[in-house]
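Report on one structure; see the data block that follows.
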Amino acid sequence: MQSQEAQRILVVPGEVVVEGDYKILTPSYVIRIDRKYIATIVGLAQIDNESKEIGVIPLEGCYIPQLEDIVIGYVVDAGLTSWELDIRAPFTATLYAVDFLGRPINPAREDLSKYLASGDTVLAKVEVFDRNRGPVVTTKGKGLGKIVRGTIVEISPVKVARVIGRKGSMHQLLASETGCEVTVARNGRILISCPNRELEDILVMAILKIEREAHIPGLTDRVKEFIIREKVRRGLIGGETKTD
């Protein structure tokens, strides 16, 4: 939604955003009644009359799990056969030991806290969620499992889409301009691992800038300029560097 025909407007629940035939990019935040598209939250509506797409960026809200979401959870309790994780949702998530360990366990002989204890951090994926019970997460998958290094930055879950960017553009910018590994979880926790503390500080400030200014157009250019300016100020690159 970056064409010259795109426009952004502030909307409230129940407000008719636009009429016609559009593709809804954020079905959780926009509903269609007849030919009217109605916002379900307070947010910034993005309407592209050229591509006929509509979406709403929420300005406030909590994390509601969706199937296949990547999340970062903190272990809050170890049971006999599973762990409970805080994933910033209204409910804790369950991670089964057989899933995490890849084998059956004997609860009478094994203490799960030896593998994951309270306060440990896990990168997982939402596997089951039907709103009638807490979500079940899995650590099966490339890169998933216990987090043993890096720093976690927390932002509002509703601002995650802006940190990722259209087709991953903002995520790629953050990683390429800082040289850091950046893992963006859907529940508003971002795992970063940087070559040095200076770059980590710059990346954290850039992420928080995105959170603050998520509703303002031209965000990608401003974030890139901010990162380059900070690298110059700290002597990490020469002052003649351009932003293209």
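Under a 10 Å cutoff between Cα atoms, tell me which one of L174, L80, L191 has the largest fluctuation in the Gaussian network model of the chain.
L80
Between K140 and S51, what length in nm is gained on full extension when 0.36 nm per residue of separation is reduced by their alpha carbon distance? Working shown, then result.
On the way: separation 89, 0.36 × 89 = 32.04 nm, distance 3.72 nm.
That pair, K140 and S51, stretches by 28.3 nm at full extension.
Could you give P(r) for the stretch 70-146, binned at 5 Å from zero, as whole percent values over all Cα-Cα pairs?
Bin by bin from 0 Å, the calculated values are 3, 17, 31, 26, 16, 6, 1.
For the stretch 151-233, what does the alpha-carbon gyration tensor say about shape, rounded, prolate or oblate, given a ≥ b ≥ c as the root eigenvalues, a/c under 1.5 as rounded, and a/b over b/c as prolate?
Working: a/c = 1.63, a/b = 1.15, b/c = 1.42.
Oblate is the answer for the stretch 151-233, as a/c is 1.5 or above yet b/c matches or exceeds a/b.
Counting Lys and Arg as +1 and Asp and Glu as -1, what is the net charge of the other residues whose Cβ lies under 15 Å from the Cβ of L59? Could the numbers behind the result be given before it?
On the way: positive: R8, K159, R162, R212; negative: E15, E60, E211, E213.
Here the count lands on 0.
Among the Cys residues of the chain, which have no other cysteine Cβ under 4.7 angstrom away?
C62
What are the ³J(HN,Hα) values, in whole Hz, obtained from phi via the Karplus relation 6.51 cos²θ - 1.76 cosθ + 1.60 with θ = phi - 60°, for each residue of the stretch 27-39 in sequence order, with x given for Gly and Pro?
Here the 3J(HN,Hα) series is x, 6, 10, 9, 10, 10, 10, 6, 10, 9, 10, 10, 6 Hz.
Using DSSP loop states and a limit of at most 12 other Cβ atoms within 10 Å to flag GluC sites (Glu not before Pro), what is the longest stretch of the chain containing no flagged site?
Numbers: sites that count: E5, E50, E60, E68, E240.
Counting at most 12 other Cβ atoms within 10 Å as exposed, the longest clean stretch of the chain is 69-239.
Match the structure shown to one of the listed values [x] 136; [y] 207; [z] 120 of volume of the Cα convex hull per residue in Å³, computed from it, and give that label.
From the options [x] 136; [y] 207; [z] 120, the structure gives [x].
Express the relative contact order of the chain as a whole percentage, based on alpha carbon pairs under 8 Å and six or more residues apart in sequence. Walk me through the numbers before you get to the answer.
On the way: 478 pairs, mean separation 34.0, N = 244.
Across the chain, relative contact order equals 14 percent.
For the pair D111 and M205, how long in nm is the line joining their label points, each one 7 Å along Cα→Cβ?
4.5 nm
Within a 10 angstrom radius of the beta carbon, how do F91, F226 rank from fewest other beta carbons to most?
Numbers: F91 15, F226 18.
With the sparsest Cβ surroundings first, the list reads F91, F226.
Just add up the charged neighbours of E211: K/R +1, D/E -1, any other residue whose Cβ is under 11 Å from the Cβ of E211.
Result for the neighbourhood of E211: +2.
Once the convex hull of the alpha carbons of the stretch 6-58 is built, what does its volume come to per residue, in cubic angstrom? Display every interim value, and only then the final one.
Details: hull volume 3.1 nm³, N = 53.
Residue-normalised Cα hull volume stands at 58 Å³.
How large is ³J(HN,Hα), in whole Hz, for each residue of the stretch 195-200 in order, when computed from phi with the Karplus curve 6.51 cos²θ - 1.76 cosθ + 1.60 and θ = phi - 60°, using x for Gly and Pro?
Karplus values, whole Hz, x for Gly and Pro: x, 7, 5, 4, 5, 4.
If amide H atoms are built 1.01 Å from N in the plane of the peptide, which residues on other chains or at least 5 residues away come under 5 Å of the amide H of D77?
Correct list: E84.
What order do you get for K159, K224 when you list them from fewest to most C-beta neighbours inside 10 Å?
On the way: K159 23, K224 18.
Listing K159, K224 from fewest to most nearby Cβ atoms yields K224, K159.
So for the pair L67, Q172, with labels modelled 7 Å out along Cα→Cβ, what separation do we get in nm?
2.9 nm
Please check: in the Gaussian network model of the chain (C-alpha springs, under 10 Å), which one of R109, R197, R149 has the largest mean-square fluctuation.
In this elastic network of the chain, the residue with the biggest mean-square fluctuation among R109, R197, R149 is R109.
What nm value, rounded to one decimal, do you get for the distance between I216 and T151 when each label is placed 7 Å out toward the C-beta?
It is 2.3 nm.
Could you compute the FRET efficiency for I33 and R197, with r as their C-beta to C-beta distance and R0 at 41 Å, rounded to 0.05? Could the numbers behind the result be given before it?
Details: r = 52 Å, r/R0 = 1.28.
Given R0 = 41 Å and the Cβ-Cβ separation, E is 0.20.
Restricting things to Cα coordinates, could you compute the convex hull volume per residue of the stretch 141-183 in Å³?
Working: hull volume 4.7 nm³, N = 43.
So the per-residue Cα hull volume is 109 Å³.
Values quoted throughout were computed directly from the atomic coordinates according to the rules given, and no laboratory measurement underlies them. As the structure is a prediction and not an experimental result, all values here were calculated from the model. In this analysis, Cβ positions are derived from the backbone assuming ideal geometry, glycine residues included, and neighbour counts consider all displayed protein chains.
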